[in-house]
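Right, one structure below, let's go through it.
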Amino acid sequence: MLGRLGKNCFFNAFLLFLFLTQYALPIQCAEADNDISAKQIPSLDETLNIVLKHSKTLKKNNRSRKNSTPDLVAAAKQYYYELQFKKEQLKVADEVKGYFEKAISKAEEKFEAGDTGVSQSSLTKMKLGLSSAENDIIKLNSEMHIAKVSLGELMGRKLTSESEITDLKI
């Protein structure tokens, strides 16, 4: 026979068990999904499957977002295509930066040699172009990082700056 104290302890243990199984443990499982980091971002189809699976997990654990399935799919596609587009833009910006560096180097050599065809003004304009190209690269890297973090959040994974898309087909 349980006394009054024994009944209270049993009741409190039961409440603790209910709380842990309903709230605390599902949250830990969902957070564990988010601890999965990825060096590679899979193809678009695989990414969408991961997003949908993750959203179902969140709904099961009562941590669902307000977004509907079509909204999640649209957002995932937007971030995925944005990453592909920004990666191509980054390649072009790097190439432009290289051209500016070569042009500046050659122009400085001519200017120092006393060539009248190269002025200080033209050198300054080229350096401004180089600065603009470097600024574009920084901006693109930042935008890519934001898109990776956002896509990773939808996937339930931590995508970092080093994470790369494996499928480059658009």
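Cα convex hull of region 71-162: mean projected area in nm², to one decimal?
On the way: hull surface 27.1 nm².
Approximately 6.8 nm², given one-decimal rounding.
Treating only the Cβ atoms of Lys and Arg (+1) and Asp and Glu (-1) as charged, compute the dipole magnitude of region 49-142 about its Cα centre; round to the nearest 20 debye.
Values: 18 positive and 12 negative charges, 254 e Å.
Computed charge dipole of region 49-142: roughly 1220 debye.
A dipole drawn for region 54-170 from +1 and -1 charges on Cβ atoms has a positive end, and of 151, 105, 137 the residue lying farthest that way is 151.
Ordering 51, 118 by how much accessible area each has at a 1.4 Å probe, largest first, what is the list? Please report the intermediate quantities before stating the final value.
On the way: 51 0, 118 20 Å².
Order by accessible area, largest first: 118, 51.
For residue 92, the accessible area of its heavy atoms, probed at 1.4 Å with every protein chain present, is near 90 square angstrom.
Of the accessible area of region 43-170, with the probe set at 1.4 angstrom, what percent is carbon plus sulfur? Write out the running numbers ahead of the final one.
Numbers: 4290 of 8120 Å².
Heavy-atom surface of region 43-170 belonging to carbon and sulfur, 1.4 Å probe: 53 percent.
Annotation: residue 111 carries an accessible surface of approximately 80 Å², with a 1.4 Å probe and no ligand, DNA or RNA atoms counted. Estimated at the nearest 10 Å², the accessible area of residue 46 is 100 Å² with a 1.4 Å probe. Please tell me which of these pairs span more than 23 angstrom C-alpha to C-alpha: 60/148; 110/139; 91/148; 39/86; 56/87? From the list (60/148; 110/139; 91/148; 39/86; 56/87), the Cα-Cα distance tops 23 Å for 60/148; 110/139; 56/87.
The values are calculated or read from the model by the stated rules, or taken from the named source; none is laboratory data. Small disclaimer: the values here were computed from a predicted structure and weren't measured. Glycine gets a Cβ as well: all are built from the backbone with ideal geometry, and neighbour counts include every protein chain shown. All accessible areas refer to the heavy atoms of the entire protein, side chains included, with ligands and DNA or RNA removed. Shrake-Rupley method; radii C 1.70, N 1.55, O 1.52, S 1.80 Å.
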